[in-house]
Each structure stands twice: as C-alpha cells, then as structure tokens.
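The values are calculated or read from the model by the stated rules, or taken from the named source; none is laboratory data. Being a predicted model, the structure only gives us computed values, none of them experimental. Here the Cβ is made from the backbone with ideal geometry for all residues, glycine too, and neighbour counts use every protein chain on show.
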C-alpha cells in the first residue's frame, strides 16, 4: 500500500475510534439530561463509527508495527446542546475536508480497498450530520428530538431514520444487515 493512503487510513481509524467513544459519552450525558432520543441517536451513530473504524482497520491488515494516528477530534464534554454542536462540526470536517482528500489520494494511488472504505464513511457522515442537526434544533428549543427507529448497516455503517431499505444505498447489503436502534437505546436488534 502506498504510504500516503496508508497514513490516511491510520488517521481515519483513529478519528472514527475517537468518534465512537465520544458519542457514547455524549449519549450518557443526553440520557442524564432527559433527552432519551438524542441519547439513542448518539448510541446508533457511535455504532456506525465503530463500523467505519473496523473497515479502515481491515484495510491495514498488512501492518506489523506501531504507527501514530493524526486525527482531528472534537472534545467537550459539555451539556447535550454543546455536544451536538461538536458532533455537527466533526461530521462537517469529515465531509468537506477529510474524506474528500483521502478518497482522491486513494484513487490517484490506485488503492481500491482504501477508496471503498473512505467512500462508505463519507456517504454515511453526510447522514450523521443531518441527524445531528435535527437533534440540535430540538434540543436548542428545549425538547428531545422526535425520531423513528435509527437503522445502521452493519457492513458499511450507513445510517438512516425509519425503515431499513431492501438494500443499503451505499454498499448494497441486504435489509437483514441493518441494526435498528429503537426507543430503548440499549436494546438493538437486527431488522427481520
């Protein structure tokens, strides 16, 4: 693997890993503030970020040494309104700066597996930003967000609100590969 694409994968793995943990902490804060749907949203997106990190990690299976991940991470922690602001900012960075550059470099260097992993994450982060913005508007008005079940593709991390599609619009995984995050965020199930 070309060195620049490899470093981008390492950085993306680090960033997605941090997002997974950060969103889990943000979920706990939302629960404490009595925003159960915001908590469920953070939990669902944390799962998607875990999947992204795993996709990037699998592309790095050839490595056998220690490497440093240079990852941008938004930090708090704060109240839920602040945490949602940080989440939107983090997703915006990935959409406008990080993944577009990483995809172009991987494409230029002929690293198809890395490109696929970056592309799957990029497509998903756009949905994450939309969902976080929806939640932020509700919390800023003093309300919990009104959400249908949140569906997460266990193959690529694609995230949506509502019913799982027959096929994932990003990776074409079947409906049974989606995990639903329903009213009780701690109970997840695969969609039949």
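Residue 148 meets each of the listed conditions (1) surrounded by fewer than 18 Cβ atoms within 10 Å (Cβ to Cβ); (2) more than 21 Å from residue 31 (Cβ to Cβ) apart from (2).
Taking the criterion of being in a loop (DSSP other than H, G, I, E, B), more than 25 Å from residue 29 (Cβ to Cβ) and touching a helix residue (DSSP H, G or I) at 6+ places or on another chain (Cβ under 7 Å), the residues of segment 70-112 that qualify are 70, 109, 111.
May I ask you to list the residues in segment 6-21 that are surrounded by fewer than 23 Cβ atoms within 10 Å (Cβ to Cβ) and in contact with a helix residue (DSSP H, G or I) (Cβ under 9 Å, 6 or more places away or on another chain)? Within segment 6-21, 6, 10, 11, 14, 17, 18, 20, 21 meet the criteria. Exactly one residue among 13, 26, 35 is at pLDDT below 95 and more than 10 Å from the chain's Cα centre (by Cα), and that residue is 13.
Only residues that are part of a helix (DSSP H, G or I) and surrounded by fewer than 17 Cβ atoms within 10 Å (Cβ to Cβ) were counted across segment 55-69, and they come to 1.
Okay, residues lined up against (1) within 19 Å of residue 161 (Cα to Cα); (2) at pLDDT below 95:
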position	(1), (2)
49	yes, no
65	no, yes
96	no, no
112	no, no
115	no, no
120	yes, no
124	yes, no
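Yes or no: residue 162 over 14 Å from the mean Cα position of the chain (by Cα), within 30 Å of residue 35 (Cβ to Cβ) and touching a residue at least 12 places away in the same chain (Cβ under 8 Å)? Yes: the conditions hold for residue 162.
Could you go through segment 105-114 and let me know if any residue there is touching a strand residue (DSSP E or B) at 6+ places or on another chain (Cβ under 9 Å), within 21 Å of residue 58 (Cα to Cα), touching a residue at least 12 places away in the same chain (Cβ under 8 Å) and crowded, with 16+ Cβ neighbours inside 10 Å. No: segment 105-114 contains no residue that is touching a strand residue (DSSP E or B) at 6+ places or on another chain (Cβ under 9 Å), within 21 Å of residue 58 (Cα to Cα), touching a residue at least 12 places away in the same chain (Cβ under 8 Å) and crowded, with 16+ Cβ neighbours inside 10 Å. Out of all the residues in segment 120-130, is one or more within 30 Å of residue 61 (Cα to Cα) and part of a loop (DSSP other than H, G, I, E, B)? So far as segment 120-130 goes, no, none of its residues is within 30 Å of residue 61 (Cα to Cα) and part of a loop (DSSP other than H, G, I, E, B).
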